[in-house]
Amino acid sequence: MHIVIVSDYGYVSGGAAQVAVKSAAALAERGIKVTFACALGPPSRELDRPGITVHCLGASNIWAVRQRWRAAAQGIWNAAAGQWLKALLHDCDPSETVVHMHQWTKAFSPSVLAVATTCGLPFVVTLHDYFLSCPNGAYFVYPKQRPCSVQPMSAACWATDCDARSATHKAVRLLRQVATGAAVRRRSHPLHVIHVSRRAADVARPLLPAATRHWTLQNPVNEAVGPRVAAERNRAVVYVGRVTVEKGCVVLAKAAARARMPLVVMGEGPALEQVRQTNPEVDIRPWGDRAAVDRCFADARVVALPSLWYETGGLVVREAMARGVPAIVTTISGASDAVGSAHGLLVPPGDVDALTNALCRLRDDALVRRLSEQAYRTMGTGPQRPAAHADGLVNIYRSILAEHRAQVA
């Protein structure tokens, strides 16, 4: 078996890239041949191991390109990236190779998706977001701060002011989505997608072609290091990740202030100043490495991810729970798959009062300890562990290859 992983980033820049890198490492440990194709480097050191061959295009992130017209053109269709991947896949054995797409919108563009759908090799896409069907990738109306409800690329979609930046950016994203849709329609084999949560699968399924093959596999979580975090002894609610409005950061800042609970925010993003103004007492920490994130978890009474959008996974929630930190997430988030009455609390999206009440409930030390202990036990086993996640991937790859062999026989 030979797996070609395609990811914009060759290093851990966020949840999607982390999954791509860690799954490559876990597959290589099982003796599976892995080719890791990335656009942006330098490649992670985790990829520097036997069984993994790394190819880096050395492209630029489209948001780093100074000329706007050039950035737009690269985002819509990066022809050089497509030709590069086509050459990389040319000699791959279609009976043993699966192309696994993770990200392509930051540098690669839909040109690499077009190559994957027409190269004769079976392929699968992990849906870390909704870019396969939705122009802005979040299925979210940013100006109104609410989830979207229209069919992507319909007349209503074209007419909706939904972009986080401007109408011009929306126009570019629409053109990119036209290219994405064309690439998917040209596929020579069935479209296989991996959802990272049941909740995300429910949202994405109606947005994809009817004949799509659907798989659900939770993202891998780092192995817990050390004993359970004694969350009941801590006081702070902690948020770790990109600081944006759609992730509910401003709502969290308001609720923490009302509940008089210390707030720790680790990350960067466009809503950081708004969070600071909303809650002047917030402890803002710069984005850091794994050790820095673990130190944040060690200070946490609860981790919060009050997303306003249909967040597909919420990997940081599972990582915190693996350390024994309870969680508060919204009912529409993919993280709600893992969080319930046994591991944390669920709240409606955008409801400051509900989130405030949830934080106040967690003043109860006995409740926090029960949730903490249960989270620590539960997240120690299951499909989210790296080894079990790799086993799940192998099973999916085998099924895809078996179907492909049957079709070409």
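The values are calculated or read from the model by the stated rules, or taken from the named source; none is laboratory data. Fair warning: this is a prediction, and the values are worked out from it, not measured in the lab. Cβ sites come from the backbone with ideal geometry, for glycine too, and all protein chains shown count toward neighbours.
Annotations
- Residues within segment 254-268 that are buried (at least 16 other Cβ atoms within 10 Å of the Cβ) and more than 15 Å from Val347 (Cβ to Cβ), tallied: 7
- Counting only helices (runs of 4 or more DSSP H) wholly contained in segment 15-111, the ones carrying 2 or more residues that are touching a Lys or Arg at 6+ places or on another chain (Cβ under 9 Å) and either surrounded by 16 or more Cβ atoms within 10 Å (Cβ to Cβ) or in contact (Cβ under 8 Å) with a residue 12 or more places away in the chain (or both) occupy 15-29, 68-76.
- Residues within segment 115-124 that are in a helix (DSSP H, G or I) and at pLDDT below 95, tallied: 3
- Segment 58-86, residues that are under 22 Å from the mean Cα position of the chain (by Cα) and among the hydrophobic types (A, V, I, L, M, F, W, C): Ala59, Ile62, Trp63, Ala64, Ile76
- Cys134 vs. criteria under 21 Å from the mean Cα position of the chain (by Cα) and surrounded by 14 or more Cβ atoms within 10 Å (Cβ to Cβ): yes
- When Val368, Val394 are checked against the criterion of being crowded, with 18+ Cβ neighbours inside 10 Å, among the β-branched types (Val, Ile, Thr) and at pLDDT 95 or above, Val368 stands alone in meeting it.
- Residue tally, condition crowded, with 16+ Cβ neighbours inside 10 Å and of a type in the set (D, E, K, R), over segment 172-186: 2
- Subset of segment 137-171 that is aliphatic (A, V, I, L, M) and modelled with pLDDT under 95 - its residue that is surrounded by the fewest Cβ atoms within 10 Å (Cβ to Cβ): Ala167
- Scanning segment 276-314 for residues that are farther than 20 Å from Arg233 by Cα and surrounded by 24 or more Cβ atoms within 10 Å (Cβ to Cβ) yields Leu305, Pro306, Ser307, Leu308, Trp309, Tyr310, Glu311, Thr312, Gly313, Gly314.
- Set Val243, Val237, Val229: member being without any contact (Cβ under 8 Å) to a residue 40 or more places away in the chain, crowded, with 17+ Cβ neighbours inside 10 Å and not in a helix (DSSP H, G or I): Val243
- Filter result for Leu308 (at pLDDT 95 or above and not in a loop (DSSP other than H, G, I, E, B)): no
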